[in-house]
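Report on one structure; see the data block that follows.
Each value in this text was obtained by applying a stated rule to the coordinates, not by laboratory testing. Everything numeric in this text was worked out from a predicted model, so none of it was measured. Quick reminder, even Gly has a Cβ in these numbers, built from the backbone with ideal geometry, and neighbours come from all protein chains shown.
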Amino acid sequence: MKLTGLHFLLSYQCNFQCDHCFVWGSPWQQGTFTLKDVREALRQAGGVETMKWIYFEGGEAFLYYPILQECVRLAKGMGFQVGLVTNAYWATALEDARQWLAPLAGLLDDLSVSSDLFHYDEKLSCQAGFASQAASELGIPLGMISVAPVEAAPAENEGELMYRGRAAAKLAGKARQRPWESFDACPYEDLREPGRIHLDPLGNLHVCQGISIGNIFNAPLAEWCAAYDPHRHPILGALVEGGPAELARRYTLPVESGYADACHLCYQCRVALRDRFAEWLLPDQMYGAFET
Ligand code: SF4
């Protein structure tokens, strides 16, 4: 595996609890990186020759602002390009947004702001507008992340809604259902040769949210990358061979008449397989165990 991006889930906590969230983010979620663990993870990232980008996301990374600032400083100091993903809840006015972003100017290579009808009651929130203007004034490259509503064709600059995590539980039933056999490939992640990976505060390395390939507190990241072989992984092997439909088939799982998309079937299969493959389908946070 030639990783170019490591995405820290700095915290599973979020000030919002959006229906479409892959990682079940909420104010009640548990699990946040300590600085000590971030330092160790960055040290390991430095041992992966191909690594270029470090992202900090969540949950909502700005909930732990002083820690986030130090993480960004550390990653930049190691020569990585650094990105942040946020819902910009903190940008309550332009002056305030400037105050939040000024310490990050010169350190960030990308600030991605989530704004859509899942996060706010308007597609482009005031907060996203203030964050965008402040970022532009400070010379911070900015991108917007916007997800289309259920059953709506994505507009320009909008991403397709994917039904994994809380989205599978809360939204999939509202979408048009298609036969399970039709989901014979993973449409969104390159599982054969992933270019990026998510790292959670417990040390789990997620090729897709909730599908772990190992833990950096048990062995270094470079070793997990070198040993990566999706065909030897009980979940990824099936997904690579024939998508979520093969996962259902291989483990003779009961299936429903239809699913909203490939991720919906994949997620439901994984929920059914968690006890059997507890080492790979974790942690509880990714499967909504702390939902209130
Ligand atoms: S099909 Fe499964 S592995 Fe692929 S993106 Fe969807 S949830 Fe992830």
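Of everything in segment 146-180, what is in contact (Cβ under 8 Å) with a residue 24 or more places away in the chain, in contact with a strand residue (DSSP E or B) (Cβ under 6 Å, 6 or more places away or on another chain) and farther than 10 Å from D261 by Cβ? Give them in sequence order.
V147, W180, listed by residue number.
In segment 163-174, which residue that is basic (K, R) and outside any loop (DSSP other than H, G, I, E, B) is surrounded by the fewest Cβ atoms within 10 Å (Cβ to Cβ)?
Among those residues, the one meeting the criterion is K174.
Within segment 221-249, which residues are part of a helix (DSSP H, G or I) and away from the ligand (no atom under 14 Å from the Cβ)?
L221, A222, E223, W224, C225, A226, A227, H231, R232, R249
Scan segment 177-189 and give yes if some residue there is more than 20 Å from the chain's Cα centre (by Cα) and of a type in the set (K, R), otherwise no.
Yes, segment 177-189 has at least one match.
Quick check: anything in segment 104-118 surrounded by 15 or more Cβ atoms within 10 Å (Cβ to Cβ), among the β-branched types (V, I, T) and more than 16 Å from the ligand (Cβ to nearest atom)?
Scanning segment 104-118, I find at least one residue that is surrounded by 15 or more Cβ atoms within 10 Å (Cβ to Cβ), among the β-branched types (V, I, T) and more than 16 Å from the ligand (Cβ to nearest atom), so the answer is yes.
If you check A97, A45, which single one turns out to be in a helix (DSSP H, G or I) and touching a strand residue (DSSP E or B) at 6+ places or on another chain (Cβ under 7 Å)?
The unique qualifying residue is A45.
Taking segment 11-47, which residues are among the charged types (D, E, K, R) and over 15 Å from the mean Cα position of the chain (by Cα)?
Residues satisfying the conditions are K36, D37, R39, E40, R43.
Restricting attention to segment 12-42, which residues are charged (D, E, K, R) and either touching a residue at least 60 places away in the same chain (Cβ under 8 Å) or assigned to a strand (DSSP E or B) (or both)?
D19, D37, E40
So which of R276, R232, R270 is without any contact (Cβ under 8 Å) to a residue 12 or more places away in the chain and of a type in the set (K, R)?
One residue alone meets the criteria, R232.
Which one of the conditions (1) assigned to a strand (DSSP E or B); (2) touching a helix residue (DSSP H, G or I) at 6+ places or on another chain (Cβ under 7 Å) does P103 fail to meet, given that it meets all the rest?
(1)
Taking segment 61-92 as the search range and keeping residues that are without any contact (Cβ under 8 Å) to a residue 40 or more places away in the chain and of a type in the set (S, T, N, Q), which one is surrounded by the fewest Cβ atoms within 10 Å (Cβ to Cβ)?
Going through the qualifying residues, I end up with T92.
Just the residues that are under 18 Å from F16 (Cα atoms) and more than 15 Å from the chain's Cα centre (by Cα), please, taken from segment 48-79.
Once the filter is applied, which keeps residues that are under 18 Å from F16 (Cα atoms) and more than 15 Å from the chain's Cα centre (by Cα), segment 48-79 yields F62, L63, Y64, Y65.
Pick from segment 175-220 the residues that are within 13 Å of the ligand (Cβ to nearest atom), small (G, A, S) and assigned to a loop (DSSP other than H, G, I, E, B): which of them is farthest from V23 (Cα to Cα)?
Within segment 175-220, the match that is farthest from V23 (Cα to Cα) is A185.
How many residues are away from the ligand (no atom under 15 Å from the Cβ) and either among the aromatic types (F, W, Y) or crowded, with 24+ Cβ neighbours inside 10 Å (or both) when one looks only at segment 252-269?
Adding up the residues that qualify gives 0.
Among the residues of segment 13-47, what is the count of those that are among the polar types (S, T, N, Q) and surrounded by fewer than 14 Cβ atoms within 10 Å (Cβ to Cβ)?
Total meeting the criteria: 1.
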